[in-house]
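S.K.: If you scroll down you'll find the structure; I have some questions about it.
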Amino acid sequence: MKQKFLQFMYGRYGTDALSKFLTCAGFVVLIVSMLLPGIAKTLTVLLAVLLIVFTYYRTFSKKLEKRRAENGKYLALRRRFTDAWKLRRDMWKQRKTYKFFKCPSCRAVLRVPKGKGRLRVVCKKCGAAFEKRT
């Protein structure tokens, strides 16, 4: 049986991060639909089923490049949120020893040691220089 499934899946895309997210989102929407009355329940169940069906469509698809491009876009979007969260977490952990500034020209976050007085800060990303008190 396992061999037949592997033979069936040969040349198909399979699961990736976007598929896992869509499956989880479908089940969350399905759970939320249990709490809603009437037509709202029907619409949310329909949305959940569509999400899960789309996940299976992606999993069994033979258009590998198209599915990779979709997953790449999803990962880029997810990375924006996770990077922002990691930056905030690191800033919180290092708040006693470092002072953080945003570059006025490119908005990059710069880290400077605390207690050094007035410093000339140079952005590594764009090269802009500005003075700040630490």
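None of the figures in this text is laboratory data; all of them are computed from the coordinates on show. Here the structure is a predicted model, which means the values were calculated and not measured. Cβ placement follows ideal geometry from the backbone for every residue including glycine, while neighbour counts extend to all protein chains displayed.
S.K.: I'd like to know if the range 113-122 contains one or more residues that are closer than 30 Å to Leu22 by Cβ and in contact with an Asp or Glu (Cβ under 7 Å, 6 or more places away or on another chain).
M.R.: No, because not a single residue in the range 113-122 is closer than 30 Å to Leu22 by Cβ and in contact with an Asp or Glu (Cβ under 7 Å, 6 or more places away or on another chain).
S.K.: Additional query: Quick one: which residue in Arg78, Arg133 is exposed (fewer than 12 other Cβ atoms within 10 Å of the Cβ), among the charged types (D, E, K, R) and either touching a Pro at 6+ places or on another chain (Cβ under 9 Å) or more than 30 Å from Phe5 (Cα to Cα) (or both)?
M.R.: Result of the check over Arg78, Arg133: Arg133.
Okay, residues lined up against (1) assigned to a helix (DSSP H, G or I); (2) out of contact with any helix residue (DSSP H, G or I) (no Cβ under 8 Å at 6 or more places or on another chain); (3) within 30 Å of Lys132 (Cβ to Cβ):
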{"site": "Ala48", "(1), (2), (3)": "yes, no, no"}
{"site": "Val53", "(1), (2), (3)": "yes, yes, no"}
{"site": "Arg67", "(1), (2), (3)": "yes, no, no"}
{"site": "Phe81", "(1), (2), (3)": "yes, yes, yes"}
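S.K.: Can you list residue pairs whose Cβ atoms sit under 9 Å apart, with the first residue in the range 34-57 being farther than 14 Å from Phe21 by Cα and without any contact (Cβ under 8 Å) to a residue 24 or more places away in the chain and the second being exposed (fewer than 15 other Cβ atoms within 10 Å of the Cβ) and among the basic types (Lys, Arg)? Count only pairs 6 or more apart in sequence or on different chains.
M.R.: So the pair list comes out as Met34/Lys41; Leu35/Lys41.
S.K.: Find all pairs meeting these conditions: Cβ atoms under 7 angstrom apart; at least six residues apart or on different chains; first residue within the range 74-99 and over 30 Å from Ser19 (Cα atoms); second residue β-branched (Val, Ile, Thr) and part of a loop (DSSP other than H, G, I, E, B).
M.R.: Sorted first by the residue in the range 74-99, then by its partner, the pairs are Lys99/Thr134.
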